[in-house]
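To start, the structure under review is shown below, and the notes come after it.
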Amino acid sequence: MKSAPVIAIDGPAGSGKSTVARKLAQRLSLRYLDSGAMYRAATWKVLRDGVDLNDEAALAAVVENMRVELLESAAGVVVLADGIDISKAIREPELTARVKYLARMPAVRKGVGAWQRKFGENGGIVAEGRDMTTVIFQDADVKFYLDASVETRARRRFDELQGCGQDVDLDELQREISERDRSDCERETAPLRRAHDAVYVDTTGLTIEDVVNILIAAVEARTG
Ligand code: C5P
């Protein structure tokens with residue numbers, strides 16, 4: 001395998017891409033870029049500062065003036081915004097529901113995209129999100145699109161959140177995931193779509209290990 005490949009993975013919420021990308025990165029000794037965590041971090045700061053969610057210039061200015069770091073730890077990715085650990089806060093449902101206001105603004109995507117390109121400038125990464133294969137790392141060495149049925153994705157989120165002690169309702173989660181699919185796929189700027197050269201993997205009914213093994217085989221076949 002090339003020493004510093006860029007592997008890009010896109011897919012909808014709950015397709016398993018975060019867990020799979022993190023494990024793939026570990027197995028291949030690459031760094032893991034959780035691009036959604038960057039959008040979440042920007043949203044955290046915007047909400048904390050009480051910035052108007054419809055004011056594109058003000059939102060872009062927040063992104064321009066903040067520093068986000070993703071650090072690896074045994075427990076997962078630690079997200080720091082200007083040195084403050086916001087790893088837990090960015091997973092709160094109230095914040096999750098507001099990320100779309102930033103994600104649809106071109107000026108915000110430009111700023112967050114610059115953080116992401118900087119993270120990957122020397123290669124050696126597994127990047128995961130909604131536009132990693134189509135916009136940010138268009139020249140990635142290997143691209144994947146992970147998918148699963150809405151029911152499966154809602155059930156995974158349910159198990160994940162319950163595991164963290166959060167009180168959640170399965171039907172409500174399914175509605176929330178369908179709504180996120182709609183806003184991620186229908187927005188004008190960098191909508192979620194499958195790149196023509198991405199390997200499509202339907203993860204419904206597969207375990208995380210199965211998916212990681214499928215991806216590793218595909219990476220080896222493509223990078224030698
Ligand atoms: O992947 P995650 O669920 O953490 O992403 C949160 C939200 O951030 C997504 O629903 C999407 O609106 C946005 N996002 C994006 N582009 C990315 C990653 C995430 O627009 N590359």
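The values are calculated or read from the model by the stated rules, or taken from the named source; none is laboratory data. None of these values were measured; they are calculated from a predicted model. Here the Cβ is made from the backbone with ideal geometry for all residues, glycine too, and neighbour counts use every protein chain on show. These area figures cover heavy atoms from the full protein model, side chains too; ligands, DNA and RNA do not enter into them. Shrake-Rupley method; radii C 1.70, N 1.55, O 1.52, S 1.80 Å.
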Item to check | Residue under evaluation Arg157, criteria (1) farther than 25 Å from Val68 by Cβ; (2) outside any loop (DSSP other than H, G, I, E, B), criterion not met | outcome: (1)
Checklist entry - Just checking, which of Gly224, Gly165 is over 19 Å from the mean Cα position of the chain (by Cα), more than 16 Å from the ligand (Cβ to nearest atom) and touching a residue at least 40 places away in the same chain (Cβ under 8 Å)? => result Gly224
Checklist entry - Before we move on, is Ala74 free of Cβ contacts under 8 Å to residues at least 24 places away in the same chain and not assigned by TED's automatic domain parsing to the domain that holds Ala190? => result yes
Checklist entry - Looking at this structure, is Leu53 open to solvent by 20 Å² or more (accessible area, probe 1.4 Å), under 29 Å from Asp167 (Cβ atoms) and at pLDDT 95 or above? => result yes
Next on the checklist: Name the single residue that is farthest from Arg109 (Cα to Cα) among those in region 182-207 being open to solvent by 40 Å² or more (accessible area, probe 1.4 Å), more than 16 Å from the ligand (Cβ to nearest atom) and not in a loop (DSSP other than H, G, I, E, B).
Outcome noted: Asp202
Checklist entry - Can you name every residue in region 101-151 that is in a strand (DSSP E or B), more than 9 Å from the ligand (Cβ to nearest atom) and either open to solvent by 10 Å² or more (accessible area, probe 1.4 Å) or in contact with an Asp or Glu (Cβ under 7 Å, 6 or more places away or on another chain) (or both)? => result Lys143, Tyr145, Asp147
Checklist entry - Can you name every residue in region 1-21 that is more than 11 Å from the chain's Cα centre (by Cα) and either of a type outside the set (S, T, N, Q) or closer than 17 Å to Gln138 by Cα (or both)? => result Met1, Lys2, Ala4, Pro5, Val6, Ile7, Val20
Checklist entry - Which condition number does Glu64 fail, the rest of (1) open to solvent by 20 Å² or more (accessible area, probe 1.4 Å); (2) closer than 30 Å to Gly163 by Cβ; (3) touching a residue at least 12 places away in the same chain (Cβ under 8 Å) being met? => result (2)
Item to check | Residue satisfying condition, being farther than 13 Å from Asp147 by Cα and under 19 Å from the mean Cα position of the chain (by Cα), within set Asp210, Asp184 | outcome: Asp184
Next on the checklist: Of all residues being among the polar types (S, T, N, Q) and crowded, with 24+ Cβ neighbours inside 10 Å in region 29-43, which is nearest to the ligand (Cβ to nearest atom)? Just the residue, please.
Outcome noted: Ser35
Checklist entry - Is there a residue in region 44-54 that is more than 10 Å from the ligand (Cβ to nearest atom), among the small types (Gly, Ala, Ser), closer than 16 Å to Leu102 by Cβ and not assigned by TED's automatic domain parsing to the domain that holds Leu192? => result yes
Checklist outcome for this item: Residue pairs qualifying under the 9 Å Cβ cut-off, at least six apart or on distinct chains, with the first in region 1-26 being part of a strand (DSSP E or B) and the second being open to solvent by 10 Å² or more (accessible area, probe 1.4 Å) and among the acidic types (Asp, Glu), are Val6/Asp139; Val6/Asp141; Ile7/Asp141; Ala8/Asp141
Item to check | Residue that is most open to solvent (accessible area, probe 1.4 Å), among those in region 3-19 that are under 30 Å from Thr204 (Cα atoms) and away from the ligand (no atom under 12 Å from the Cβ) | outcome: Val6
Checklist entry - Within region 83-90, can one find any residue that is near the ligand (Cβ under 10 Å from one of its atoms), surrounded by 20 or more Cβ atoms within 10 Å (Cβ to Cβ) and either aromatic (Phe, Trp, Tyr) or in contact (Cβ under 8 Å) with a residue 60 or more places away in the chain (or both)? => result no
